[in-house]
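Peer 1: Would you mind keeping the following structure in view while I ask a few things?
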Amino acid sequence: SVSKAIEHVAPNAEVVVTSESAVIDRAARVVFPGQGAMPDCMREMDARDLRAAVLRAATQKPFLGICIGLQMLFDRSEEGDVAGLGVFQGAVRRFPDAAMHTADGLRLKVPHMGWNEVAQVLSHPLWNGIEDGARFYFVHSYYVEPATAGSIVGSTNYGIPFTCAVARSNIFATQFHPEKSHQSGLRLLENFVAWNP
């Protein structure tokens, strides 16, 4: 679904879905999505010998992490108590049960699934043309907790306020799924394709 969305916004771009290091190394830009559980994603990435290629991409070219592709960039996750890639300092936390209720006391379900507003904490080229407070689509039980606030570019509230987008130099990563987020998500992907950090 990510590749189809990028093909839609950049019909002249060559979009390749791969698990080969050499293809990642040759790419002009990299999208790093993830699905499922963090321990499984880390294990599969290492089993396919992709760690070094992903780390090279995260330092050398425009890089977009999506969902677990965001979480894997951090030091460690409570999901399976597994180490991440350590590109960003901080941890991945599970939504705390005690905080999962609305202001009027209604219980919030975990996973956080559906549309939610994103506050743009800091200006960034990938937010161009997207209104502050635009709604994006989420599906997750864990969220990132950066060690420092300087990398936080997006925030959402679901029982608690949590970081939903981080950025640094050539990296932009989101907890939400831009490929499933209608016009705002397509605009973010279009911005990424044109982005030259």
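The values are calculated or read from the model by the stated rules, or taken from the named source; none is laboratory data. None of the values given here were measured: they were computed from a predicted structure. No Cβ is skipped: glycine too gets one built from the backbone with ideal geometry, and neighbour counts run over all protein chains shown. To get the accessible areas, we keep the full protein, side chains included, count just its heavy atoms, and leave off ligands, DNA and RNA. Shrake-Rupley method; radii C 1.70, N 1.55, O 1.52, S 1.80 Å.
Peer 1: Dimensions of the range 1-87 along principal axes (Cα, Å, largest first)?
Peer 2: 42, 23, 20
Peer 1: Straight-line reach from Lys109: which aspartates and glutamates have Cα under 15 Å away, leaving out those fewer than 8 places along the same chain?
Peer 2: The qualifying aspartates and glutamates are Asp97.
Peer 1: Another question, if that's okay. Just to verify a number: FRET efficiency for Ala98 and Arg43, C-beta to C-beta distance, R0 = 25 Å, to 0.05?
Peer 2: According to the calculation, E is roughly 0.20.
Peer 1: Excluding residues on the same chain fewer than 8 positions from Lys61, give the lysines whose Cα lies under 22 Å from its Cα.
Peer 2: Lys4
Peer 1: Starting from the range 90-160, pick out the trypsin sites (Lys or Arg not before Pro) whose DSSP state is loop and whose Cβ has at most 16 other Cβ atoms within 10 Å.
Peer 2: Lys109
Peer 1: Right, here's the next one. Rounded to whole Å and sorted largest first, what semi-axes of the equivalent ellipsoid does the C-alpha gyration tensor of the chain yield via the square root of 5 times each eigenvalue?
Peer 2: Taking √(5λ) for each Cα gyration eigenvalue gives 26, 20, 15 Å.
Peer 1: Give me the 1.4 Å probe accessible area per residue for the range 47-116, excluding ligands and nucleic acids, in Å².
Peer 2: Averaged over the residues of the range 47-116, the accessible area is 49 Å².
Peer 1: Which of the three applies to the range 45-136, rounded, prolate or oblate, going by the alpha-carbon gyration tensor with a ≥ b ≥ c and a/c under 1.5 meaning rounded?
Peer 2: In terms of gyration-tensor shape, oblate.
Peer 1: Carbon and sulfur together cover what percent of the accessible area of the chain at a 1.4 Å probe radius?
Peer 2: 50
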